[in-house]
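I have placed the structure first, in the form of structure tokens, so that the comments after it can refer back to it.
Every number in this text was worked out from the coordinates using simple rules, so none of it is lab data. Owing to the predicted nature of the structure, the values given are computational and were not obtained by experimental measurement. Quick reminder, even Gly has a Cβ in these numbers, built from the backbone with ideal geometry, and neighbours come from all protein chains shown.
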């Protein structure tokens, strides 16, 4: 067996070289350091059905050091999951074998990696899923030593130990060399071990090129109960080829063809070994509760209810209807109200404490294994997990994110707690959906729409209690909006959402008393935006739109509105935005809304100013729009 493993490891190195040299780019040296570990793991320990990569009992392998994917693809070839021609298509346009693993094109991997420091937290989510579903699969996360400098890694170390995830095994490839020099700890394996043990892990230092030692370490990890295991493998970057082994300045550099031939010869030549990865034992978890009917909470129109409270109420209702729904929160569940799910279904609520990066990535780990995942915290604190949210989209994950305490309207807590960038941030995530409800029944209905929606979604909730505007039976399609006030005499359209919608309605009442008619649109769907309704309003209100938002002026509601006119097929309206433009302080919500210039009084003032400006060229008032329609 040792000879077979040695030959397999050599083949993984050779194939990593061949693929990166053919591509003219990539990371052969980082792949070569990990080859012995991958050979033993895949040949002896991993249980995986390549014909059914999403089978629920499969062990999971996350290559957190995603740049070393050539060794993973070489292992897929050795397992018969891909052929040599595909291996040599590495990094080519249209190939499934991208420069870092990507499940959008390669279903053999669960998540996208390469933005370092996220794999272990994903593994935490996978191990939590195994426990929740009462399955015996193990989760292996291979990490680079450089990425352990990321704080998110230690968030994951902490949470894995807290939840005693003994099916989780971290494999640190300690090859000493990073991209631009030696790593922080170099080959100080005992320091890594001490740190892991301090977090409550079982940890071992292992010679990463001693196949027998690797075998024994993996067996020990498998036998360890009550705590996760961290194996710190001392390896050489570029191991197997003397020209580059343990030498700097070879990170991310493919070997030229002449050096590749020399390296392959030194490694004993090309091989075409095949091995069968053992399939998992099929388990039969205990029966889960059957899905019940969805009974959304409803609210009377004479109530005032905070939309953040409705998030929790609706989450509990959705949890009753969907036994696969889980929620994660960052120690603010009594403010986001995700605690309502904890009360109703405590086994499906996971406290991630003040560790938002770990929370998001652990949610991704659960989502890609089939859970309906909701994560929540204050909108402002999601900014520190933005890379995790971005990568969740690259991972093709479905993740429902709720940010509460948005905008200056939260009041006295001050700017450190105010989500003022969140709409811009979440609109920029690939394929995302961004919703900003204004009332209780709308929030509940949008939650019900989200639960089956694919991709990354964001729900922005408000701290303050606000009037209920809609009946419980009202429908709110994603991509829609609601026209709450309109007449044939409207001279300006007010566009708002959340807290500013209520200010816009108050402004409408004041303007109506003075004989000025304006339209009011509730733009609850920020992305996708309701192009049809906005264009119609622009035509019918003389091309004048006033957008009011409790958000920085950049990237929020107004920019979403402008996108509705960006294709050039309609005249560009005159869009004025009232938004937060100066750093707010502490104060009463009404004081801060006034100071930011986004309250009803400032809306009234802006309407008068906008009404007195000439209508834009092409609006209905100039007659041009009618001419365009005639053509």
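Projected label points at residue 343 and residue 563, each 7 Å from Cα along the beta carbon direction, are separated by 3.6 nanometres.
Taking other C-beta atoms within 10 Å as the exposure proxy, 425, 352 rank 425, 352 from fewest upward. As a proxy for reagent exposure, 413, 422, 166 were ordered by neighbouring Cβ count within 10 angstrom, fewest first; the result is 413, 166, 422.
Indicate, rounded to the nearest 5 percent, the antiparallel portion of the DSSP beta bridges found entirely in the chain. The antiparallel fraction comes to roughly 15 percent.
Of the residues 57, 15, the one with the fewest other Cβ atoms within 10 Å heads the list, and the complete ranking is 57, 15. Placing pseudo-labels 7 Å out from each Cα toward the beta carbon at residue 416 and residue 588 gives an inter-label distance of 2.5 nm. Modelled spin-label separation between residue 483 and residue 52, with each label point placed 7 Å from Cα along the Cα-to-Cβ direction: 5.3 nm. In the stretch 216-258, which residues have a backbone nitrogen under 16 Å from the label point lying 7 Å from residue 4's Cα in the Cα-to-Cβ direction? Counting only backbone N, you get no residues.
Only alpha carbons enter this Debye calculation for the stretch 159-206, each as an equal point scatterer, and the log10 of I(q)/I(0) it gives at q = 0.32 Å⁻¹ is -1.20. In µm²/s, what is D for the chain at 20 °C and 1.002 mPa s, where D = kT/(6 pi eta Rh) by Stokes-Einstein and Rh is the Kirkwood radius from Cα pairs? Stokes-Einstein gives a translational diffusion coefficient of 81 µm²/s. Stokes-Einstein at 4 °C, 1.567 mPa s, Kirkwood radius from Cα pairs: D for the stretch 435-578 in µm² s⁻¹? D, rounded to a whole number, is 84 µm²/s. Relative to the longest principal axis of the Cα atoms of the chain, the long axis of helix 69-78 makes an angle of roughly 60 degrees. Stretching residue 448 away from residue 514 to a fully extended chain increases their span by 19.7 nm, per 0.36 nm per residue minus the current alpha-carbon distance. Classify the stretch 85-165 as rounded, prolate or oblate from the Cα gyration tensor: take a ≥ b ≥ c as the square roots of its eigenvalues, call it rounded if a/c is under 1.5, otherwise prolate when a/b beats b/c and oblate if not. The shape class here is oblate. Axis angle, to the nearest 10 degrees, between helix 531-540 and the longest C-alpha principal axis of the chain: 20 degrees.
Using the reciprocal of the averaged 1/r over all distinct C-alpha pairs, how large is the Kirkwood radius of the stretch 534-573 in Å? Show your work: numbers first, answer last.
Working: mean 1/r = 0.0933 Å⁻¹.
It works out to 10.7 Å.
For residue 86 and residue 334, FRET efficiency with R0 = 45 Å and r from the beta-carbon atoms, rounded to 0.05?
0.30
To the nearest ten degrees, helix 440-450 and the longest principal axis of the Cα atoms of the chain are 30 degrees apart.
Where a ≥ b ≥ c are the square roots of the eigenvalues of the C-alpha gyration tensor, would you call the stretch 288-359 rounded, which needs a/c under 1.5, or, failing that, prolate if a/b is larger than b/c, or oblate? Here the stretch 288-359 falls in the oblate category. Were the residues from residue 303 through residue 535 laid out at 0.36 nm apart, the gain over their Cα-Cα distance would be 80.2 nm. Take 493-501, 427-435 and order them by the average number of nearby Cβ atoms within 10 Å per residue, most first; the result is 493-501, 427-435. Put simply, when 41-47, 273-279 are sorted by average Cβ atoms within 10 angstrom per residue, most first, you get 41-47, 273-279.
The Cα atoms of the stretch 1-74 define a convex hull whose projected area, averaged across directions, is 5.3 nm².
How would you classify the stretch 308-462 from its alpha-carbon gyration tensor, with a ≥ b ≥ c the square roots of the eigenvalues: rounded for a/c under 1.5, else prolate if a/b is greater than b/c, otherwise oblate? In terms of gyration-tensor shape, rounded.
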